[in-house]
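The block underneath contains the structure these notes are about, expressed in structure tokens.
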Amino acid sequence: MRRNTAAIATAVALSALSVKAHAQDIAEATPEQGQRSPDEDRQPFARKTGWMDAVATAFVGDGLRFNNPYRLATVLGSQAQSLSRTAAYADFGAALLFANPAFVAHGPTLRISVSLSGVPQSVLTPAYLALHRSGRWGAYARAGVPFVLTPEPTWGLEGGIGGIWFARAGLGLATELVGDLFYGAGTREVATPAYPVLSAQAGLFLSWEAMP
């Protein structure tokens, strides 16, 4: 009887030690509250719900116009209907992005462009932007509706793709290729002519992150 009791006590003790060791393994594998796991440390752009990024951009660019270039200063072909270069311009923008930039951060953006030479012209473009960032590099795309404010009000469609190299976490050098399709005053031949423009621009991409 004493032998059976001793055997039972030994089995219970061994079981308790096994449970305690298992509990310690679980505690070591689970990060404490307020600490980041090793997987999270390997993902510097992983963010909790509520991450937000305020963005400001400044570009200088130039473009090519593919239709009706009569008022443009630089005609690249042999006649007025040929391909022409637009006036150089400055473009300033702001955006508010949400979600995770390691996957896709996205949000509304607003751009305003002003000509730097020739006929004064200004264009306001509300759009939506999507951004992916990996290390020092980033890529983005946007789509919106440009509204020409001066000299003659009109509107159109716009899409752009760009790349960024981040010299600092919140400071990047960016280049962007932009395509526009503007609608203008009608003529005898065409009731609502469309004027396609392809532009390239380069400048700064500034980012301010707000953590949850």
For region 96-212, just the Cα atoms, rotate onto the principal axes and tell me the three extents in Å, largest first. 56, 27, 21
Under Karplus coefficients 6.51, -1.76 and 1.60, residue-wise ³J(HN,Hα) of region 141-151 in Hz, glycine/proline x: 9, 8, 9, x, 10, x, 10, 6, 8, 9, x
Provide the FRET efficiency to the nearest 0.05 for the L206-V119 pair, computing r from the beta carbons and using R0 = 30 Å. 0.50
Expected output is a single nm value to one decimal: the length gained when fully extending between L149 and L83, i.e. 0.36 nm times separation in residues minus the C-alpha distance. What is it? 21.3 nm
Could you order the peptides 130-141, 84-95, 162-173 from most to least packed, using the average number of other C-beta atoms within 10 Å per residue? 84-95, 130-141, 162-173
Could you tally the net charge around F59, taking each other residue with its Cβ under 12 Å from the Cβ of F59, Lys/Arg +1 and Asp/Glu -1? -2
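Every read-out reported here was derived from the displayed coordinates using simple, explicitly stated rules and does not represent laboratory data. Keep in mind the model is a prediction, meaning the values are calculated, not measured. Every residue, glycine as well, gets a Cβ built from its backbone with ideal geometry; the counts of neighbours run over all protein chains shown.
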